[in-house]
Amino acid sequence: MMKRTFKITIYALALAVITANLGAADVEADRISEAAEPTRTATETRRTGIVIAAEQVMPAVVSITVLQTKSYSYSSPFFSDPFFEEFFGQIFPHEHNRQIHSLGSGIIISRDGKIVTNAHVVTDATTIKVTLADGRTYDTSVIGIDEALDLALLKLTDPPDDLRPALLGNSDDLMIGEWAIALGNPMGFLIADAKPSVTAGVISAANRRVQTGQGKRFSYSGVIQTDAAINPGNSGGPLTNILGEVIGINTFIFTKSGGSEGIGFAIPVNQVKKFIYELEHHDTRRTAWLGLGVQTLTLDMARALDIPATKGLIINQVFDDTPAKDAGLEEAWVITSANGINYASETDWQMMEQGFFVDDSVRLKGITDQGSTYTVTLHAAEYKAPPTAKIAALGAEFVDIDPALRYRHNIASREGVLVSRIERGSMASELGLKEGDVILTYGSVETPTINDLKKAVNAESDPRTLIIERDGGRYRLYRGFSG
């Protein structure tokens, strides 16, 4: 009986040991399982929306290498003296041309190789090379450039079949504070890698109007502000949302150091879409306008006209056969807002007009000269500029000034010939002329019209001087000092 009891005890102990070991094995397995589970969860957690969006867009981001011809001003020792610069610096426009390499970014928008970038990346380019994210490089041509919007549309000369274009989103429904992802190739190939880099931030503001300063080539209205880092070389790259949709084209930054300081700007993608449409359907962007001229309303004007307003724009011109005329707008009426935005200066208004496309709707609110309020919606029409004429001897195209051109280009002169296009290396270029100049006198002959300019060129093929209007100022160009 005792032996049997002893055996049972031994079996019980063995069973307990086995059970304990099995329990310990289960605990160890659970511990290992618990240790492994957080690893899988962490991996999935790291794969955020920013990671997914970047992976989606990166194959469409390209690096752009450009050989450009740039004009630079220089001073001789004689004219470096402040006294002489004050009196003679503008009379002798001492400039010279230089070819430089520049870098930028772009975004593929179609499988046939169309690419959007900034105008300032490719303006004055003699050659353009595009490098894909995988390192392949292609020759590229320019389809069109719009300097007012700072946009350019390019196309690969011989595109491959495996391009992955980006998805264009909607910039009209941006939310302040939502994620913004900037992609591009900052610092070009100093990093020795064509793959784009990614920075993230938020949408800081929308519909910004940015004063770029006198004499700047580009003006910006309605742009997106973001604190996603935009650095040199990022210009022309995409700004995307968390879904990987392109919502803007990175354009410029405010900086004191030369690098990103959290204030970057992008052109809204809806403007980009309109730009692409214009080039695909009309070869060039049609000039759109409302057909009215404005100036800043001052307190003295308001008092003199007995207008119950202190801020806004007073209409000083309404052109015939235009949307403004058809809508019944009249001179001396005040515009207080356009599409819900208050405009307080003609400069702001002109910046807004530069972003117009044909058929865009503009809702104006304001006060009539009788003191009553009005609201009217206009649809921008195509502006038909006077015909251009080429003068082969000068290698340039010109247009006679009409009232609309005077207003649109801020031309003070009542008569003159506007320079609309200049061929590189032409006589006009040697004379120091620039697009946008107004020729008032060619040699000793006044030139109120193109026909007068043609006669002057035939009479004086090698003039010593020209008198022009440039950026609102009157200057004399001297042959041999134009650079």
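Just so you know, all these numbers are worked out from the coordinates, no wet-lab data involved. Small disclaimer: the values here were computed from a predicted structure and weren't measured. Positions of Cβ are generated from backbone atoms using ideal geometry, with glycine treated the same way; all protein chains shown enter the neighbour counts.
Structure above, values below:
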item: Within-13-Å neighbourhood charge of ALA180 [Cβ basis; K, R +1; D, E -1]; result: -3
item: Long-range amide H partners of GLY293 with built H, under 5 Å; result: ASN316, GLN317, VAL318, PHE319
item: For ALA229, residues with placed amide H under 5 Å, excluding near neighbours; result: ALA200
item: Taking only Cα atoms of the range 389-478, radius of gyration then Dmax in Å; result: 11.6, 32
item: Mean separation of Cα contacts under 8 Å (6+ apart) over length of the range 389-478, as relative contact order %; result: 26
item: Packing-based order for 348-360, 132-144, using average beta carbon neighbours within 10 Å, highest first; result: 348-360, 132-144
item: Separation in nanometres of the label points that stand 7 Å from Cα toward Cβ, at SER345 and ASN207; result: 2.0
item: Filter on LYS384/LYS454; LYS273/LYS434; LYS434/LYS454; LYS274/LYS390; LYS155/LYS390 - keep pairs with C-alpha separation over 27 Å; result: LYS273/LYS434; LYS274/LYS390; LYS155/LYS390
item: Prolate/oblate/rounded call for the range 288-382, Cα gyration tensor, a/c under 1.5 rounded; result: prolate
item: Relative contact order of the range 288-382, pairs being alpha-carbon contacts under 8 Å that are 6 or more residues apart, as %; result: 32
item: Segment THR137-ILE176, extension gain: residue separation times 0.36 nm, minus the distance between their alpha carbons; result: 10.3 nm
item: For SER413, residues with placed amide H under 5 Å, excluding near neighbours; result: none
